[in-house]
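Worksheet for the structure shown next.
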Amino acid sequence: GDNINDIIDHKLFTEEDIHNMCVRLGKELTKDYACKKPIVVGALKGAVYFLTDLTRQMDVAHQLDFIDVSSYGDGFESSGKIKVITDLSADVKDRDVLIVEDIVDTGLTMKYMKDMIHERGANSVKCCALLNKEARRSKDVTVDYYGSKVGDEFVVGYGLDFLNMYRNLQYIGVLKSEVIQKYVNK
Ligand code: PRP
Ligand code: MN
Ligand code: MG
């Protein structure tokens with residue numbers, strides 16, 4: 001139906017779960033990035049919800065930037081190719097860069113971003129993802145900080161989309177299989 005909650009099978013992480021992950025990660029990052037004045041890079045579009053909550057838990061002077069590299073060609077499954085849609089505005093040379101993501105899935109997107117920022121001469125490049133879906137990893141990439149591991153389920157909400165929708169759910173839920181089936185059978 002039109003109700004956003006009708007497409008969810010069950011909640012995986014509540015608002016409180018997510019808040020607790022942000023607090024814990026914020027503390028770790030506060031410690032690790034003290035005095036480094038990092039550039040915190042949000043990966044559009046999925047990371048924006050997590051980015052705003054995470055950085056407000058970081059008691060660290062930092063600069064904010066964005067990058068948009070999309071791999072999910074049709075908004076559903078990874079196309080296997082990376083497209084830079086919007087590049088960083090900051091010069092990352094000699095800087096400490098922290099990339100923030102909603103999820104690392106195959107690792108293709110994160111590996112591409114980390115390699116690119118390394119090549120531009122950053123002093124360090126690390127990443128923080130809310131979710132780490134190791135089951136689908138095909139690229140060897142280190143997820144330096146993450147909120148939680150997730151299994152191979154289609155998750156939506158809190159930035160994570162299905163067909164570029166449902167990002168604004170306050171919690172993270174598992175999409176009903178019939179919703180996916182309807183799309184696959186089209
Ligand atoms: C999703 C997600 C990650 C990436 C993870 O982004 O937000 O950025 O895919 O997948 P991977 O590890 O297999 O590369 P997407 O490309 O769908 O763009 P979006 O953030 O705008 O939804
Ligand atoms: Mn993304
Ligand atoms: Mg997406």
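So how tilted is helix 15-32 from the main axis of the chain? Cα-based, degrees 0 to 90, rounded to 10.
Long axis of 15-32 versus the principal axis of the chain: about 20 degrees.
Given bins 5 angstrom wide, list per bin the percent of all Cα-Cα distances in the stretch 143-186, short to long.
Final binned percentages: 5, 19, 25, 25, 15, 6, 3, 1.
Could you list which residues have their amide H under 5 Å from that of residue 150, counting only those 5 or more apart in sequence or on another chain, with H placed in the peptide plane?
Residues meeting the amide H criterion: 132, 133, 134.
Can you tell me what the convex hull of the Cα atoms of the stretch 62-159 projects to on average, as an area in nm²? Walk me through the numbers before you get to the answer.
Values: hull surface 25.3 nm².
Computing the convex hull of the Cα atoms and averaging its projections yields 6.3 nm².
What does the charge dipole of the stretch 1-128 about its Cα centre add up to, to the nearest 20 debye, if the Cβ of each Lys and Arg holds +1 and the Cβ of each Asp and Glu holds -1?
Values: 16 positive and 23 negative charges, 141 e Å.
Dipole magnitude for the stretch 1-128 comes out near 680 debye.
Using θ = phi - 60° and the Karplus form 6.51 cos²θ - 1.76 cosθ + 1.60, what ³J(HN,Hα) does each residue of the stretch 113-126 get, whole Hz, x for Gly and Pro?
Values, residue by residue: 5, 4, 4, 4, 6, 4, 4, 7, x, 4, 6, 8, 9, 10 Hz.
If the convex hull of the alpha-carbon atoms of the chain is projected onto planes in all directions, what is the mean projected area in square nanometres? Working shown, then result.
Details: hull surface 41.2 nm².
The Cα convex hull of the chain, projected and averaged over all directions, gives 10.3 nm².
Remind me, relative contact order of the stretch 131-175 in percent, using alpha carbon pairs under 8 angstrom and six or more residues apart? Write out the running numbers ahead of the final one.
Details: 60 pairs, mean separation 14.2, N = 45.
Relative CO of the stretch 131-175 lands at 32 percent.
Distance from the Cα centre of the stretch 84-156 to that of the stretch 160-186, in angstrom?
Computed from Cα coordinates, the inter-centre distance equals 23 Å.
Bear in mind that the values in this text are calculations on the coordinates, not laboratory data. Quantities reported herein were computed from a predicted structural model and do not represent experimental measurements. Heads up, the Cβs are rebuilt from the backbone with ideal geometry, glycines too, and the neighbour counts pull from every protein chain shown.
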